[in-house]
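One structure is given here, and the rest of the page talks about it.
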Amino acid sequence: MTDSLLPQGVFLPESEPGPPLGGGDLIPMPPDGPVWGNWRFVPENLTLTWKGWYEVDLEAINTAGAMLDWIFHCNGNRDVLDLIAAFDAVLKPQANCCSFGSQRPFSGSKLAKEYRDRKFPKRKPMGQKLRYSILMRDGFRCCACGVTAADGAVLHVDHIKAVSKGGSNDPANLQTLCFDCNIGKGAR
């Protein structure tokens, strides 16, 4: 399948031929991002990917017609309903482009960026004052193993609930951990 046969904003990986709409070898999917069936939102490049094969460039989708092109392209594929759900979540077509029969353009780029910013909020930096107050509150001691800086440990201020999982810089979500305990914990 050539790119010229695909709807606007749809690209195939250059090194692989496109699969039939229901099978074929798969390219690994991005591990993060919201998922609708086999469709994933990729925040780094503002795309929806299907099983790693197709990419819908959300910045290029600026009309209801562009969304419909993609939906018709997937017609007959059971994943089309998941694509519609993804468009609904990211582009909110009823609010942004439905206008009772007349074409109403919108900014797919703006809507995709707003969605990305809602789902993947930027981490607010933790100030030195807050960091010091947490270390002092915890007695300059690792909350997991009890080792102290006086014992030669390197102490970190750790998020109990990881920022990537919705955790904040609220002092109740922060704890002192030594390097070994912090690295062993991972993002939880």
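Values as computed for the structure displayed
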read-out	value
Residue match in the stretch 128-142 (condition: among the small types (Gly, Ala, Ser), more than 30 Å from Lys92 (Cα to Cα) and not assigned by TED's automatic domain parsing to the domain that holds Glu44)	yes
In the stretch 148-159, the residues that are in a loop (DSSP other than H, G, I, E, B) and either more than 12 Å from Cys181 (Cα to Cα) or at pLDDT 95 or above (or both)	Gly152
Options Arg131, Arg118: the member that is assigned to a helix (DSSP H, G or I), free of Cβ contacts under 8 Å to residues at least 40 places away in the same chain and surrounded by 15 or more Cβ atoms within 10 Å (Cβ to Cβ)	Arg131
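The values are calculated or read from the model by the stated rules, or taken from the named source; none is laboratory data. Since this is a predicted model, take the numbers as computed values, not measurements. All Cβ positions, even for glycine, are placed from backbone atoms using ideal geometry, and neighbour counts span all protein chains on display.
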